[in-house]
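Step one of this worksheet: look at the structure below.
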Amino acid sequence: MRETMKGYNGVGLAANQVGSLQRVVVIDVSGYEGMENVKPLTLLNPRIVEEGEEAVTMEEGCLSLPELRDEVDRPEIVTVEYQDLDLQKQRIEADGILSRVLQHEIDHLNGVLFIDRLGSVRRKLLRGRLNKILKGEVEANYPIVVSTQTPEPHMR
C-alpha cells in the first residue's frame, strides 16, 4: 500500500481504495513543510476517539476521485487509537495536515468520501464530474476501485 500511495503522489491510502476489506491505512506527510521528521504511519483498525471543537476548512483531493478537489471542513485536532504492525495498541493526537489525512483515510474505511462532507448544493455542482469518474471517462495513471453498491447515506 505504501508503494502504491507514493507511486501516485498520495499522502494517505486506505486499504479499500485498493480493493482490500482490511481496516488498514498508510500515511506519509513528511513531504509537507514542518512535517519532514514525521515517520510514515501504518494504522490497523484506526478509529477517531476524540475530536477538537474547532473546525478548519482546507482543500482536499483524493486518489479515488481524480481531478476533483474541494474545500472541506474538519476538526483541527483529533485523537486516534489504532494498532501498529506489531499489533500493539497506540494512540496519537494530531493537528494540521496529519489530522486532516487521518480523518480523510479513516472516512474511507467507513465508506465516506470527502465529497460526502460537502453541502448538497456543492455536491450537485460536482455531479457532472463525478459521473465522468464513475463512467471511466476521467483518466488516471492508476486503477480506480469503483463500488457497484450504493452506500447508505452518511449520518453526521
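The values are calculated or read from the model by the stated rules, or taken from the named source; none is laboratory data. Note that the coordinates shown come from a computational prediction; the quantities given were computed from them, not determined experimentally. Heads up, the Cβs are rebuilt from the backbone with ideal geometry, glycines too, and the neighbour counts pull from every protein chain shown. These area figures cover heavy atoms from the full protein model, side chains too; ligands, DNA and RNA do not enter into them. Shrake-Rupley method; radii C 1.70, N 1.55, O 1.52, S 1.80 Å.
Among the residues of region 38-61, those identified as over 18 Å from Met1 (Cβ atoms), charged (D, E, K, R) and not in a strand (DSSP E or B) are Glu53, Glu54.
Of all residue pairs spaced 6 or more apart or on separate chains, those with beta-carbon atoms under 6 Å, a first member in region 1-22 that is at positive phi and a second member that is open to solvent by 60 Å² or more (accessible area, probe 1.4 Å) and not in a helix (DSSP H, G or I) are Gly19/Val145.
Out of the residues in region 30-63 that are within 30 Å of Gly136 (Cβ to Cβ) and charged (D, E, K, R), state the one that is farthest from the chain's Cα centre (by Cα). Among those that are within 30 Å of Gly136 (Cβ to Cβ) and charged (D, E, K, R), it is Glu59.
Once region 9-37 is narrowed to residues that are in a helix (DSSP H, G or I) and over 17 Å from Leu85 (Cα atoms), the residue that is least open to solvent (accessible area, probe 1.4 Å) is Gln17.
Of the residues screened, Ser30 is not one that is over 19 Å from Glu60 (Cβ atoms) and hydroxyl-bearing (Ser, Thr, Tyr).
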